[in-house]
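Here is the structure we will look at.
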Amino acid sequence: MTTSQWLERVIQMASENAANGEGPFAAIVVRDNEIVGRGVNCIGATQDPTAHAELLAIQDACKNLNRVDLSDCILYASGEPCPMCMGAIYWARPQAVYYACSKAEAAAEVGMDDPLHDFYHEMQELPEKRMIPMHRLEAEGKLEPFIIWLKNR
């Protein structure tokens, strides 16, 4: 299948998901012209704010391939990935991501705006000055898990 055909498939999945009362998002992970992971937004059904299509597709692909490195895969998404999904995408390392609808198009055409649209600016703030303040506390043994992890690699 071509890139356009994969995008058409993911848009159809997103349309079906929206018709079922969930978010208008879907994603697939493709390897060697075969879908190895799929996901649709199911935040409402699961009451899980992390149940985004891209995250679920990545999780499904990693489970199916029994590995966390997706560098020989391509991720297709119906919409431009949010910052949370981008984090997972960078950790999974697919060779490319293709998406159909940009954040700007979704906002301008149908009024869908991400409440964290200023996320990138927010991350530049000092942790304690963010919308949700973050506080680092001193803790004895804070490096112990990392030391154990290095020894067991």
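The values are calculated or read from the model by the stated rules, or taken from the named source; none is laboratory data. Keep in mind that this is a model prediction, so the values were computed, not measured. Note: ideal-geometry Cβ built from the backbone for every residue, glycine included; neighbour counts use all protein chains shown. Accessible surface areas use protein heavy atoms only, side chains included; no ligands, DNA or RNA. Shrake-Rupley method; radii C 1.70, N 1.55, O 1.52, S 1.80 Å.
Do any GluC sites (Glu not before Pro) in the stretch 23-126 lie in a loop, going by DSSP, with at most 16 other beta-carbon atoms within 10 Å of their beta carbon, and if so which? Don't skip to the answer; put the middle values down first.
Details: sites: Glu34, Glu54, Glu105, Glu109, Glu122, Glu125; in loops: Glu125.
Counting only loop positions with at most 16 other Cβ atoms within 10 Å, the GluC sites (Glu not before Pro) in the stretch 23-126 are Glu125.
Most simply put, the stretch 20-153 has about 65% antiparallel DSSP beta bridges, counting only bridges with both residues inside it.
Here the contact order of the chain, divided by its residue count and restricted to Cα pairs under 8 Å and six or more residues apart, works out to 17 percent. Treating r as the C-beta distance of Glu109 and Leu137 and R0 as 35 Å, the FRET efficiency rounds to 0.20.
Note on Phe25: accessible area is roughly 50 Å² with a 1.4 Å probe, heavy atoms of protein only. For the chain, a crude dipole built from +1 on the beta carbon of Lys and Arg and -1 on the beta carbon of Asp and Glu, taken about the Cα centre, is about 600 debye to the nearest 20. For the stretch 1-100, the list of trypsin sites (Lys or Arg not before Pro) that fall in a loop by DSSP and count at most 16 other C-beta atoms within 10 angstrom reads Arg67. Accessible area per residue (1.4 Å probe, heavy atoms of protein chains only) ranks His135, His121, His52 as His135, His121, His52, with the largest value leading. Other residues with beta-carbon under 12 Å from the beta-carbon of Arg130 carry, at +1 per Lys or Arg and -1 per Asp or Glu, a net charge of -3. Based on protein heavy atoms only, the chain ends up with 68 Å² per residue of surface accessible to a 1.4 Å probe. Computing FRET efficiency as 1/(1 + (r/R0)^6) for Glu16 and Arg130, where r is the C-beta to C-beta distance and R0 is 30 Å, gives about 0.25.
How much of the accessible area of the stretch 66-133, probe 1.4 Å, is carbon plus sulfur, in whole percent?
Of all accessible area on the stretch 66-133, carbon and sulfur atoms account for 59 percent.
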